[in-house]
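The values are calculated or read from the model by the stated rules, or taken from the named source; none is laboratory data. Predicted model, so just to flag it, every value in this text is computed and none were measured. No Cβ is skipped: glycine too gets one built from the backbone with ideal geometry, and neighbour counts run over all protein chains shown.
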């Protein structure tokens, strides 16, 4: 397995890590971890990668009328697929079983919006971007650039945006809808409001998104070499 990189979204800087440092317990699944679900945990990383992905690769038979996947009692609050098979979001998992549930959906890497750092390696996640984002706050431009690149790198997908405040996650999705999916800024702001339970984003977040749109064309951050999301 190739070495991955841990990146701090606030600075955009990262340090290359060899596989032993990034994956100290990569898929050394213990008996305790196996009790998370009725099924035995996969014995290797390849099995994790090829396991069924009921939420990130959802089919019509497992979706609600709004397109959201049908989740069970172990799922993470606020889980929603943004790009099928490539990107999802949720609140931070509440316990170990929910972290394992998230890994079981096929998630490969994490964008962590919480101020606290987690031991992602123990659940088999390959890499992460740490980008603390408080409620009502807009991301820094440099952090936003790092985020937009991280979620599109082939080696990182499927990516999951975890934690932070609901409005922060909604702001980042609004950003990617404009910067990558080439939605209009009005449609992107509407998507942010939808993900914020129908409440408008904070003025600071809206101002920042409008400022981004004033200086960047729609879809200008799209990496066509890997990203093939239909628009």
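Among the residues that make up region 140-147, is at least one of them in contact with a helix residue (DSSP H, G or I) (Cβ under 9 Å, 6 or more places away or on another chain) and not in a helix (DSSP H, G or I)? The answer is no, given that none of the residues of region 140-147 is in contact with a helix residue (DSSP H, G or I) (Cβ under 9 Å, 6 or more places away or on another chain) and not in a helix (DSSP H, G or I).
Among the residues making up region 80-92, those that are under 23 Å from residue 155 (Cβ atoms) and part of a loop (DSSP other than H, G, I, E, B) are 84, 85, 86. Residues in region 128-167 that are under 26 Å from residue 94 (Cβ atoms) and out of contact with any strand residue (DSSP E or B) (no Cβ under 9 Å at 6 or more places or on another chain): 9 in all. A search for C-beta distances below 6 Å between a residue of region 147-171 that is more than 21 Å from residue 104 (Cβ to Cβ) and any residue that is crowded, with 23+ Cβ neighbours inside 10 Å and modelled with pLDDT under 95, counting only pairs 6+ apart in sequence or on different chains, returns 147/9. In region 148-165, the residue that is farthest from residue 216 (Cα to Cα) out of those that are more than 13 Å from the chain's Cα centre (by Cα) and not in a loop (DSSP other than H, G, I, E, B) is 155. Apart from one condition, residue 102 fits all of (1) closer than 18 Å to residue 208 by Cβ; (2) buried (at least 17 other Cβ atoms within 10 Å of the Cβ); the exception is (1). Of everything in region 77-97 that is free of Cβ contacts under 8 Å to residues at least 40 places away in the same chain and crowded, with 19+ Cβ neighbours inside 10 Å, the residue that is nearest to residue 122 (Cα to Cα) is 79.
Would you mind stating whether residue 176 is part of a helix (DSSP H, G or I), in contact with a helix residue (DSSP H, G or I) (Cβ under 7 Å, 6 or more places away or on another chain) and surrounded by 13 or more Cβ atoms within 10 Å (Cβ to Cβ)? Yes; evaluated as a whole, the condition is true for this residue.
Would you tally the residues in region 186-205 being free of Cβ contacts under 8 Å to residues at least 60 places away in the same chain and crowded, with 18+ Cβ neighbours inside 10 Å? Residues flagged as free of Cβ contacts under 8 Å to residues at least 60 places away in the same chain and crowded, with 18+ Cβ neighbours inside 10 Å within region 186-205 amount to 6.
Within region 107-129, not a single residue is more than 17 Å from residue 86 (Cα to Cα) and more than 18 Å from the chain's Cα centre (by Cα). The test for being touching a helix residue (DSSP H, G or I) at 6+ places or on another chain (Cβ under 8 Å), within 20 Å of residue 99 (Cβ to Cβ) and at pLDDT 95 or above holds for residue 166.
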